[in-house]
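Down below is the structure, laid out as structure tokens.
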Amino acid sequence: MNATSPEAAPGRIVLLTTSHRVAPGLLSWPAWQALHAADRVLCADGAHPQLPYLREAGIAVDEAAPTAEQLIDACGGGRTVVVVATGEGEPALTDGLARLAGSGRVSMPDLELLPASYDLPGARLLDLVQVMDRIRVECPWSSQQTHKGLAKYGIEEAYELVEAIEDGDRDELREELGDVLLQVVFHARIAEEDPESPFSIDDVAGGIVTKLIHRHPHVFGDETATTPEEVKEHWLRTKATEKQRESVTDGVPLGQPGLALAAKLASRVRTAGLEVPLPTGDGLGYELLAMAVRAEAAGVDPEAALRVAARTYRDAVRAAEGVSPQ
């Protein structure tokens with residue numbers, strides 16, 4: 001068998017992709033190697049953010065958008081052509097190459113997809129921040145919102161998240177988590193505009209990162225914890241040190257639903273090892289308080305238990321009306 005002559009060698013096409021969520025110029029080592037070794041580097045977008053950095057590194061980039069046929073011709077003689085992909089990923093070019101490869105009539109060069117930079121976990125959060133920035137500036141409704149005006153939506157979204165969890169609907173859970181996340185990003189964006197004490201989403205994230213590290217000394221420090229109870233003990237101890245609270249009841253939001261409030265207070269009392277007799281009095285409220293405390297001691301969330309019973313009651317009402325259950 002005769003060896004293929006250099007003139008007939010099909011060559012190599014490298015499609016170089018980058019992520020706009022990574023700073024331009026921060027490319028992988030294989031990407032730099034491919035760029036420096038290429039016979040030709042092409043890019044259809046003359047404003048591509050990577051181009052100034054490539055040229056600074058001594059790489060000549062031709063601003064060109066060849067067809068699939070032209071690109072194959074450019075690889076003739078065993079040459080390597082690197083295509084720096086635009087944000088859309090060059091679908092027309094890749095579709096054309098696929099069509100030619102499927103025809104069986106063309107001697108195809110080697111094809112390689114080379115990610116020069118790629119998203120790390122959480123990278124789409126950067127997109128959310130950018131979208132929120134634009135909406136805050138350009139949307140007539142969003143630009144007028146305040147923390148107080150949005151407060152009710154935070155409560156609604158939290159309840160919808162709980163409902164998705166209890167329903168076990170994975171698609172709904174993903175959507176509701178996004179809605180809750182939107183509330184966080186929205187409030188943080190509004191907070192940037194405060195004239196006296198502004199803060200950003202980075203400040204919010206930085207604060208919770210610091211808190212998590214400090215309250216998990218068994219993960220990030222020298223403490224040990226082998227049971228959930230020991231973890232909770234670490235958490236409460238460090239939290240008490242941080243907040244310097246006078247009472248175990250400090251920090252318990254009194255505006256939450258009554259059963260949840262009663263259970264939270266009972267949990268604080270039990271965890272602290274206090275012996276506090278339940279108040280007595282006339283009225284249903286004291287009976288509900290006692291029931292909520294008993295539920296918490298038994299490891300039952302009284303709010304969740306009541307919601308399950310209420311849903312059963314709702315289904316019974318719909319059945320009595322001749323309406324199909326939801």
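The values are calculated or read from the model by the stated rules, or taken from the named source; none is laboratory data. From a predicted model like this one, the values you see are computed outputs, not experimental measurements. Ideal geometry is used to build each Cβ from the backbone, glycine not excepted, and the neighbour counts take in all protein chains shown. We work out accessible area using only protein heavy atoms, side chains counted, and drop any ligands, DNA or RNA first. Shrake-Rupley method; radii C 1.70, N 1.55, O 1.52, S 1.80 Å.
Each principal axis of the Cα cloud of the range 203-300 was taken in turn, and the coordinate range along them, longest first, works out to 50, 31, 24 Å. Applying the Karplus relation 6.51 cos²θ - 1.76 cosθ + 1.60 with θ = phi - 60° to the range 70-87 yields 3J(HN,Hα) values of 5, 5, 5, 4, 5, 8, x, x, x, 7, 10, 10, 9, 9, 7, 5, 7, x Hz, where x marks Gly and Pro.
When the P(r) of the range 150-267 is calculated, the portion above 19 Å amounts to 67% of the C-alpha pairs. Ranking Cys139, Val83, Gly255 by Cα position along the charge dipole of the chain, where only Lys, Arg, Asp and Glu carry charges on their C-beta atoms, puts Gly255 farthest toward the positive end.
Per residue, the solvent-accessible area of the chain (1.4 Å probe, heavy atoms of protein chains only, all protein chains present) comes to 65 Å². Taking amide H positions as modeled 1.01 Å from N, with prolines and chain starts lacking one, the residues under 5 Å from Val83 and 5 or more places away or on another chain are Val14, Leu15, Leu16, Leu42. Note on the chain: Lys pairs 8 or more places apart or on different chains, Cα atoms under 24 Å apart, count 9. Using only alpha-carbon positions, what ratio does the radius of gyration of the range 119-176 give when scaled by 2.2 N^0.38 Å? In units of the 2.2 N^0.38 Å rule of thumb, it is 1.41.
Leu182 contributes about 70 Å² of solvent-accessible surface, heavy atoms of the protein only, 1.4 Å probe.
Is the C-alpha gyration tensor of the range 1-90 telling us rounded, prolate or oblate? Criteria: a/c under 1.5 is rounded; beyond that, a/b larger than b/c is prolate, otherwise oblate.
prolate
For the range 129-231, the list of chymotrypsin sites (Phe, Trp or Tyr not before Pro) that fall in a loop by DSSP and count at most 15 other C-beta atoms within 10 angstrom reads Trp141, Phe199. Protein-only accessible surface at a 1.4 angstrom probe places the residues Asp250, Asp110 in the order Asp110, Asp250, largest first. The fraction of accessible area contributed by carbon and sulfur in the chain is 57 percent, rounded to a whole number (1.4 Å probe; ligands and nucleic acids excluded). With N the number of residues in the range 271-318, Rg(Cα) / (2.2 N^0.38 Å) evaluates to 1.47.
Once the Cα-Cα distance is subtracted from the 0.36 nm per residue extended length, the Val231 to Glu88 segment shows a gain of 46.8 nm.
Taken over the alpha carbons of the range 240-279 as equal point scatterers, the Debye sum produces base-10 log I(q)/I(0) values at 0.36 Å⁻¹ of -1.22.
Under the combined filter of DSSP loop state and at most 10 neighbouring Cβ atoms within 10 Å, the range 225-314 retains these GluC sites (Glu not before Pro): Glu246, Glu275. Taken over the range 28-174, the ratio of Cα radius of gyration to 2.2 N^0.38 Å equals 1.58. If R0 is taken as 56 Å, the Cβ-Cβ distance between Tyr53 and Glu287 corresponds to a FRET efficiency of 0.20. Using 1/(1 + (r/R0)^6) with R0 = 22 angstrom and r between the beta carbons of Arg99 and Asp62, what's the FRET efficiency to the nearest 0.05? Given R0 = 22 Å and the Cβ-Cβ separation, E is 0.40. Working note: Debye formula, equal point scatterers on the alpha-carbon atoms of the range 36-89, no solvent; log10 I(q)/I(0) at q = 0.12, 0.21, 0.26 Å⁻¹ is -0.26, -0.77, -1.09.
When Thr280, Thr94 are compared by accessible area at a 1.4 angstrom probe, the order from most to least is Thr280, Thr94. With kT/(6 pi eta Rh) evaluated at 10 °C and eta = 1.306 mPa s, and Rh the Kirkwood radius from Cα pairs, the chain diffuses with a coefficient of 60 µm²/s according to Stokes-Einstein. Relative to the current alpha-carbon distance between Thr280 and Asp133, full extension at 0.36 nm per residue lengthens the span by 47.6 nm.
Computed from label points 7 Å out along Cα-Cβ, the spacing between Arg245 and Ala191 is 2.0 nm.
Only alpha carbons enter this Debye calculation for the range 45-121, each as an equal point scatterer, and the log10 of I(q)/I(0) it gives at q = 0.14 Å⁻¹ is -0.54. If I take R0 = 22 Å and measure r between the Cβ atoms of Glu156 and Asp301 in this structure, what FRET efficiency does the formula 1/(1 + (r/R0)^6) give, to the nearest 0.05? It comes to 0.65. Accessible area ranking (1.4 Å probe, heavy atoms, ligands and nucleic acids excluded), largest first, for Val248, Val219: Val219, Val248.
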